[in-house]
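Have a look at the structure below before the remarks.
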Amino acid sequence: IIILGIESSCDDTSAAIIKNETILSNEIAGQKVHEAYGGVVPELASRAHQQNILPVVDAAIKNAKINKEDIDAIAFTRGPGLLGSLIVGTSFAKSFALGLNIPIIEVNHMHGHVLAHFIDEIENEEIKEKPSFPFICLTVSGGHTQIVLVRDFLEMEVVGTTKDDAAGEAFDKTAKLLGLPYPGGPLIDKYANLGNPDAFKFTKPEMPDFNYSFSGLKSNVLQFLQRETKKDKDFVQHNLNDICASLQKTIIDILFDKLIKATKHFDINEVAIAGGVSANSGIRKRLTEEGEKLKWKTYIPKFEYCTDNAAMIAITGRFHYLNGNFADQSVSPMARLKI
Ligand code: ATP
Ligand code: FE
């Protein structure tokens, strides 16, 4: 079975071809236009998707060395995401499928982040260990922070979530306070590796159950910087590495406190991370360390399957295909689609 996956939920236009569970191509066109604005501008994102989608799909088909007639179904991201961006991918998927006379499959982007763990890079990849059910997945991305109890490929329950900012926003918004360009997450990661994580202390929220909150951290960092720059106007420049290391440690501590609590509560020792923020070197290291301490089996996605990509949409599409879940031609995107 060959599936074309299409992802256009935020600011990356991506198309991928999967043959059974093996990825044959995964093309991604990022959008530089947003850098100047310090965040994604929805209107500009839709326009860029519109320009990128055809060449990206064409490249995915060519690089997979297949013909478009070989495709059995088209999977697309229905949501969650920016409506204008989702409309481009959804409309394209519908028209192309109509032209090829093949079915369409709607995919939840957050399912995609979790199921990225099941992508093979070479046929019948046996060396790669995949999570076994049930497992717990900490999905940390630009718009979400979820502790997901994954019972089966398409049977997932969000048992904890953020009540305000996502982990990615915690990175990006605090990075902005430090004067770093968007998206600041990867830069905090880079500077954190050169700094002392215990140099500064930031507040951690009190949240019930397995839930998160990151807006308090942002205010805390703002006040901290205002206070310190009064004493030394170049405080940030003089302490950038230490601030980033301390900030990153705080965010990771917050994430892992609840993750550990959830694994104990559900008595599960198969633990995965997913989403753009799971590219963070500190989070990856911490998962391995906690795994050794708490006897977890841990799963970390390859970098290219952490941030938005169509390979994860294609593999999720495959599981829907096997279940016979096809979408109607009148399907429309949903910005706030829930798991
Ligand atoms: P969602 O999946 O919730 O709709 P999204 O698709 O926009 O959101 P992703 O592409 O999965 O989000 O992730 C983007 C986020 O990941 C950004 O906030 C970015 O700063 C963050 N990120 C990427 N790499 C790193 C890193 N190394 N360290 C910290 N954060 C990172
Ligand atoms: Fe995403």
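What follows draws every value from the coordinates through simple rules; no lab data is involved. Only a predicted model underlies this, so the values are computations on that prediction, with no experimental measurement involved. In this analysis, Cβ positions are derived from the backbone assuming ideal geometry, glycine residues included, and neighbour counts consider all displayed protein chains.
Where the centroid of each part is defined by its Cα atoms, how far is the range 130-154 from the range 274-314 in Å?
Taking the Cα centre of the range 274-314 as reference, the centre of the range 130-154 is 11 Å away.
What's the magnitude of the charge dipole for the range 164-282 around its Cα centre, counting Lys and Arg as +1 and Asp and Glu as -1 at the beta-carbon? Answer in Debye, nearest 20.
Around 380 debye, computed over the range 164-282.
At a threshold of 8 angstrom on Cα-Cα distance, excluding pairs fewer than six apart, so keeping six or more, what relative contact order does the chain reach in percent?
Normalised by residue count, the contact order of the chain is 25 percent.
Show that you can apply the helix-only estimate: for the chain, add -39,500 (n - 2.57) for every DSSP H stretch of four or more residues, divide by all residues, and state [θ] at 222 nm to the nearest 500. Don't skip to the answer; put the middle values down first.
On the way: 9 runs with 142 residues, N = 339.
Per the formula, -14000 deg cm²/dmol.
Principal axes first, then extents: for the Cα atoms of the range 142-195, list largest minus smallest coordinate on each axis, whole Å, largest first.
41, 23, 16
Using the Cα centre of the range 258-339 as origin and beta-carbon charges of +1 (Lys, Arg) and -1 (Asp, Glu), tell me which of ILE339, PHE266, GLY276 is placed farthest towards the positive end of the dipole.
Selected residue: PHE266.
Under 13 Å from the Cα of LYS285, which aspartates and glutamates turn up, not counting those fewer than eight places away in the same chain?
ASP189, ASP253
Any chance you could list the semi-axes, whole Å, largest first, of the equivalent ellipsoid that the Cα gyration tensor gives for the range 203-295, using √(5λ)?
Listed largest to smallest, the semi-axes of the range 203-295 are 30, 16, 9 Å.
Give the relative contact order (percent, whole number) for the range 190-339; include only Cα pairs under 8 Å separated by 6+ residues.
Normalised by residue count, the contact order of the range 190-339 is 22 percent.
For ASN20, what charge total do you get from the other residues with a beta carbon under 9 Å from its beta carbon, if Lys and Arg give +1 and Asp and Glu give -1?
Surrounding charge for ASN20 is -1.
Expressed as a whole percent, how much of the Cα-Cα distance distribution for the range 4-156 exceeds 21 Å?
49
Taking all pairs of distinct Cα atoms, average 1/r, flip it, and tell me the Kirkwood hydrodynamic radius of the range 52-133 in Å to one decimal place. List each step's numbers first, then the result.
Values: mean 1/r = 0.0685 Å⁻¹.
In the range 52-133 this quantity evaluates to 14.6 Å.
Lys and Arg at +1, Asp and Glu at -1: add these up for the other residues within a Cβ distance under 15 Å of ALA45 and post the number.
It works out to a net charge of -4.
With an 8 Å Cα cut-off and a minimum separation of 6 or more residues, compute the relative contact order for the range 42-98 in percent.
Relative contact order comes out at 46 percent.
Computed over the Cα atoms of the chain, what is the ratio Rg over Rh, Rh following Kirkwood?
The Rg/Rh ratio comes out at 0.99.
Under a point-charge model restricted to the Cβ atoms of Lys and Arg (+1) and Asp and Glu (-1), what is the dipole moment magnitude of the chain relative to its Cα centre, in debye to the nearest 20? Before the final figure, lay out each step's value.
Working: 36 positive and 43 negative charges, 174 e Å.
Its charge dipole is roughly 840 debye.
Less than 13 Å Cβ to Cβ from THR288, Lys/Arg counted +1 and Asp/Glu -1: what total charge do the surrounding residues give?
Spelling it out: positives minus negatives among the neighbours equals +3.
Quote the charge dipole size of the range 236-339 about the Cα centre in Debye, to the nearest 20; the model charges only the Cβ of Lys and Arg (+1) and of Asp and Glu (-1).
With Lys and Arg at +1 and Asp and Glu at -1, about 180 debye.
Return the subset of LYS204/LYS297; LYS264/LYS295; LYS130/LYS249; LYS264/LYS293; LYS19/LYS65; LYS249/LYS295 for which the Cα-Cα distance in this structure is over 19 Å, preserving the input order.
Going by Cα-Cα distance, LYS204/LYS297; LYS130/LYS249; LYS249/LYS295 fall outside the 19 Å limit.
In what sequence do TYR305, TYR299 fall when counting other Cβ within 10 Å, fewest first? Please report the intermediate quantities before stating the final value.
Values: TYR305 24, TYR299 20.
Lowest count first: TYR299, TYR305.
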